[in-house]
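**Q** One structure follows; several queries about it will come next.
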Amino acid sequence: MRKFISLLLSLAMLAALACGCGAGGAAGSAEEKKTVTVRLNEVTHSVFYAPQYVALKEGFFTDEGLNIELTNGGGADKVMTAVLTGQSDIGLAGPEASIYVLNQGKENHPVVFAQLTKRDGSFLVGRTDGMFSWKDLEGKTVIGGRKGGVPEMTLEYVMKQNGVVPGTDAAVDTTVQFNMMAGAFTGGNGDYVTLFEPTATELEQAGKGYILTSIGQESGEIPYTAYFADQDYMKAHEDLIQSFTNAVARGQKWVQTHSAGEIAKSIADQFPDTSVETLTAVAQRYQDIDAWNATPVMKQESLERLETVMESAGELEHSQWVEFDQLVDNSFAEKAK
């Protein structure tokens with residue numbers, strides 16, 4: 001956790017010096033116009049976030065008077081840095097990033113106001129097909145993502161739940177950057193890798209690996225990805241946060257009532273290099289594991305399970321568990337229509 005915070009502070013100082021940005025700059029300058037621009041920074045670009053892309057495609061954000069400027073942060077630490085330095089207005093990432101910052105005593109710490117997904121969206125990919133047992137990992141190496149990130153921590157939690165101790169029974173490689181994990185695996189590193197969609201399915205279709213199991217199905221419900229903003233921004237733009245949450249809620253309802261094929265067609269523009277057939281298979285996979293929240297409301301018990309996962313990974317002491325109301329403001333999600 002200390003390395004995570006040090007990286008955030010270093011990046012924050014550099015970014016502030018480089019651009020002189022202030023929190024909410026883009027949205028604030030756009031408020032005089034009919035449509036307000038919101039700079040949204042997502043942790044990665046994945047079908048896992050289908051409700052968000054549906055909200056974009058079906059005009060739910062437009063209906064709320066919002067123009068979404070979407071960027072890919074490439075990691076929760078980088079998304080948090082963008083929000084802290086005012087380069088982005090809203091972040092979409094694992095709540096663990098907000099927990100780390102809150103525990104540092106930052107006064108204007110980011111607050112979570114809407115939850116998008118309710119379980120891990122990654123899948124374990126191996127080099128051989130067939131019946132899978134977690135015991136197969138013994139003596140092997142799994143490329144698991146950045147240490148202290150939710151994907152890596154959830155993987156270790158599931159391994160332990162299945163009697164495989166990370167670092168003792170199997171090695172977890174945390175040195176590979178999130179967006180380089182598939183390339184590292186196909187390049188010959190590791191025996192297994194955890195990947196999001198559509199990357200996992202595309203790798204399998206290329207004959208370079210096999211999807212063996214869902215990490216999220218094994219771990220149970222946790223608030224895997226959620227939207228957050230710093231408190232000053234939220235206080236200055238309460239109507240905007242409500243409008244944003246309304247659009248997300250409509251996207252969540254839409255995916256609950258439409259087929260995988262309909263979801264694939266709606267989000268196809270977001271994945272121009274992926275066929276609708278592949279997107280349909282991926283959307284079905286996420287529907288099958290019940291990956292998406294039905295509403296933007298975050299439950300306290302879900303956050304506590306995330307903190308259990310973090311504690312199990314050695315990234316959070318029990319004394320560092322946060323007060324739910326300090327980290328989460330459900331008022332916007334509860335009013336969402």
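**Q** Out of residues 5 or more away from VAL172 or on other chains, whose amide H comes under 5 Å of its own, with H placed 1.01 Å from N in the peptide plane?
**A** When sequence neighbours closer than 5 places are left aside, the close amide H contacts are VAL142, GLY167.
**Q** With each run of n ≥ 4 DSSP H residues scored as -39500 (n - 2.57), what mean residue ellipticity at 222 nm is computed for the chain after dividing by its residue count and rounding to the nearest 500 deg cm²/dmol?
**A** Calculated at 222 nm, the ellipticity per residue is -12500 deg cm²/dmol.
**Q** Would you mind computing, in nm to one decimal, how far apart the modelled labels at GLN256 and LYS106 are, each placed 7 Å from Cα along Cα→Cβ?
**A** Output for this residue pair reads 3.2 nm.
**Q** Within 10 Å, count the other beta carbons around each residue, average over each peptide in 136-144, 59-67, and list them highest first. Walk me through the numbers on the way to the answer.
**A** Numbers: 136-144: 19.2, 59-67: 17.7.
Ranking the peptides 136-144, 59-67 by packing returns 136-144, 59-67.
**Q** Would you mind calculating the relative contact order of the range 151-282 from Cα pairs under 8 angstrom and at least 6 residues apart, reporting the percent as a whole number?
**A** Relative contact order comes out at 20 percent.
**Q** Would you calculate the convex hull of the Cα atoms in the chain and tell me its volume per residue in Å³?
**A** It is 128 Å³ per residue.
**Q** Ordered by residue, what ³J(HN,Hα) values in Hz, to whole numbers, does the range 119-129 give under the Karplus form 6.51 cos²θ - 1.76 cosθ + 1.60, where θ = phi - 60° and Gly and Pro are x?
**A** Listing the rounded values in order: 7, 4, x, 9, 10, 7, 10, x, 8, 10, 8 Hz.
**Q** From the Cα gyration tensor of the range 103-186, with a ≥ b ≥ c the square roots of its eigenvalues, which class applies: rounded if a/c is under 1.5, or else prolate if a/b is larger than b/c, or else oblate?
**A** In terms of gyration-tensor shape, prolate.
**Q** Using a 10 angstrom cutoff on alpha carbons, build the Gaussian network for the chain and name the most mobile of ALA171, ALA264, ALA236.
**A** In this elastic network of the chain, the residue with the biggest mean-square fluctuation among ALA171, ALA264, ALA236 is ALA236.
**Q** Run down the aspartates and glutamates and flag those whose C-alpha is under 17 Å from the C-alpha of LYS265, throwing out any fewer than 8 positions away in its chain.
**A** GLU58, GLU197, ASP273, GLU277
**Q** Follow-up question, since we're still on this one. So what are the ³J(HN,Hα) numbers for the range 250-262, from phi and the Karplus equation (6.51, -1.76, 1.60; θ = phi - 60°), rounded to whole Hz, Gly and Pro as x?
**A** So the Karplus estimates, Gly and Pro as x, are 5, x, 5, 5, 5, 6, 6, 10, 10, 6, 4, x, 5 Hz.
**Q** Restricting the count to DSSP beta bridges whose residues both fall in the chain, what percent are antiparallel, rounded to a multiple of 5?
**A** Here the share of antiparallel DSSP bridges comes out near 50 percent.
**Q** Assuming R0 = 22 Å, can you tell me the calculated FRET efficiency for the pair ASN189 and TYR210, based on Cβ-Cβ distance, to the nearest 0.05?
**A** My answer for the efficiency is 0.85.
**Q** Still on this structure: Give me, ordered by chain and number, the residues 5 or more places off ASP120 or on other chains with an amide H under 5 Å from its own placed amide H.
**A** Counting only residues 5 or more places away or on other chains, the set is GLY216, ILE222.
**Q** Read phi for every residue in the range 131-136 and hand back ³J(HN,Hα) as whole Hz from Karplus 6.51 cos²θ - 1.76 cosθ + 1.60, θ = phi - 60°, with x for Gly and Pro.
**A** Values per residue, Gly and Pro as x: 4, 10, 10, 4, 5, 4 Hz.
**Q** Measure out, as a whole number of angstrom, how far apart the alpha-carbon centroids of the range 281-337 and the range 119-181 sit.
**A** The distance from the Cα centre of the range 281-337 to that of the range 119-181 comes to 21 Å.
**Q** For a 21 Å ceiling on Cα separation, which of these pairs sit above it: LYS34/LYS78; LYS135/LYS160; LYS299/LYS335; LYS78/LYS337; LYS235/LYS299?
**A** LYS34/LYS78; LYS78/LYS337; LYS235/LYS299
**Q** Determine the shape class of the range 38-158: with a ≥ b ≥ c the square roots of the Cα gyration tensor eigenvalues, call it rounded for a/c under 1.5, and otherwise prolate if a/b is greater than b/c, oblate otherwise.
**A** Since a/c reaches 1.5 but b/c is at least a/b, the shape of the range 38-158 is classed as oblate.
**Q** Quick check on the exposure proxy: order SER312, SER133, SER266, SER88 from fewest to most C-beta atoms within 10 angstrom.
**A** With the sparsest Cβ surroundings first, the list reads SER133, SER312, SER266, SER88.
**Q** So, one more: In terms of modelled amide H atoms, which long-range or inter-chain residues lie less than 5 Å from the amide H of GLN115?
**A** Sorted by chain and number, the residues that satisfy this are TYR227, VAL297, MET298.
**Q** Please say if the range 189-337 is rounded, prolate or oblate, where rounded means a/c under 1.5 for a ≥ b ≥ c the square roots of the C-alpha gyration tensor eigenvalues, and otherwise the choice is prolate for a/b larger than b/c and oblate otherwise?
**A** Cα axes put the range 189-337 in the oblate bin.
**Q** Using the Cα centre of the chain as the reference point, and only Cβ charges (+1 on K/R, -1 on D/E), how large is the resulting charge dipole? Debye, rounded to the nearest 20. It would help to have the intermediate numbers written out before the result.
**A** Details: 26 positive and 45 negative charges, 75 e Å.
Around 360 debye, computed over the chain.
**Q** Under the 0.36 nm per residue contour assumption, what length would be gained going from the current alpha-carbon distance of ASN72 and THR141 to full extension?
**A** Gain on stretching ASN72 to THR141: 22.0 nm.
**Q** Let me ask something else about it. Rounded to the nearest 0.05, what FRET efficiency do GLN217 and ASP273 have when you use their Cβ-Cβ distance and R0 = 35 Å?
**A** Between GLN217 and ASP273 the formula returns 0.80.
**Q** May I pose another question? Which residue, chosen from ALA55, GLY314, GLN256, occupies the Cα position most advanced towards the positive end of the dipole of the chain, where the dipole is computed from +1 (Lys, Arg) and -1 (Asp, Glu) charges on Cβ about the Cα centre?
**A** ALA55
No lab work stands behind these numbers, since they all come straight from the coordinates. Quantities reported herein were computed from a predicted structural model and do not represent experimental measurements. Virtual Cβ from ideal backbone geometry, glycine too; neighbours counted across all protein chains shown.
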